[in-house]
Amino acid sequence: MPVMRTGDAAPHMMALGLLVQQSDTIAGVGRRLHDQFRAAGFARTTAYSSVPSLAADGLALLVRPAPPEQPTLAFYEATPAGREHFLRWMRCTDVPVLVRDIFQCKLELAEPEDVPAILELVNALENSFLDMCDEARVRLRREQRSRSSRPDKASEWRRQMRRLQIQDEAVLWTSMALRLKRLGEQLEKMHAGAVSEETS
């Protein structure tokens, strides 16, 4: 699955945010990382290292040890220091503008003979982005149909934010696909021109 990277969304920070929202087991954090941040491509096993690391840094606390045969059932909660650390990150407005995009790097270093492979990657990722956009739209429709039997202010806020997040995800996938479509067309023209010069 393609992964979008726009800004700093390190897995340990996402795991900390989930613990701030709700104390959980390592397995529970792993499941939530995978389900709630689908576009980030976090594996369920990401929490296996992230949560103990947070505890080692004093940002999470082991509340209930796991049975020896099921280590991922260890139950953790965010510490006051962890909550403060997360809130600083959440409310930080000083975000560096960095572009570490694979195509920007490859275009800078590409030679004419590299273009066919780059074009193959462009086309494959364009199709993947379109598929991910379709998947996001399906999740959005499902989210829009969902209704709580006992709505309250907090749960309604969370539902609205989830819908907004999925809408934004769909826009991101669409814009990435459009960008690659244009890039592919321009690369094909350049490559065709280079080939015709070689054969003339």
About the Cα centre of the chain, how large is the charge dipole given +1 on each Lys and Arg Cβ and -1 on each Asp and Glu Cβ? Please answer in debye to the nearest 20.
1540 debye
Got a sec? Charge dipole of region 13-137, +1 on Cβ for Lys and Arg, -1 for Asp and Glu; which of GLY30, ALA40, ALA66 is way out at the positive end?
ALA66
Cross-link partners among lysines for LYS106, C-alpha distance below 21 Å, same-chain residues fewer than 8 apart left out?
LYS181, LYS189
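Percent of accessible area on the chain owned by carbon and sulfur, 1.4 Å probe?
Looking at the chain in its full context, I get 55 percent from C and S.
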The helix 153-199 Cα axis meets the longest alpha-carbon principal axis of the chain at an angle in degrees, between 0 and 90 and rounded to 10, of 20 degrees
With a Cα-only, solvent-free Debye model of the chain, what are the log10 I(q)/I(0) values at q = 0.10 Å⁻¹?
-0.59
What does the helix-only formula give at 222 nm for the chain: each DSSP H stretch with n ≥ 4 adding -39500 (n - 2.57), the total divided by the residues, and the result rounded to the nearest 500 deg cm²/dmol?
-22000 deg cm²/dmol
Rounded to 10°, Cα long-axis angle of helix 115-145 versus longest principal axis of the chain
40 degrees
Pair ARG145, LEU109: separation of 7 Å Cα→Cβ label points (nm):
4.6 nm
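Counting only heavy atoms of protein chains, what accessible area per residue, in Å², does region 22-119 have with a probe of 1.4 Å?
On the way: 6320 Å² over 98 residues.
Per-residue accessible area for region 22-119 comes out at 64 Å².
The values are calculated or read from the model by the stated rules, or taken from the named source; none is laboratory data. Here the structure is a predicted model, which means the values were calculated and not measured. Methodologically, a virtual Cβ is constructed for each residue, glycine included, from the backbone with ideal geometry; neighbour enumeration extends over all protein chains shown. These accessible areas exclude ligands, DNA and RNA; they are computed on the full protein's heavy atoms, side chains included. Shrake-Rupley method; radii C 1.70, N 1.55, O 1.52, S 1.80 Å.
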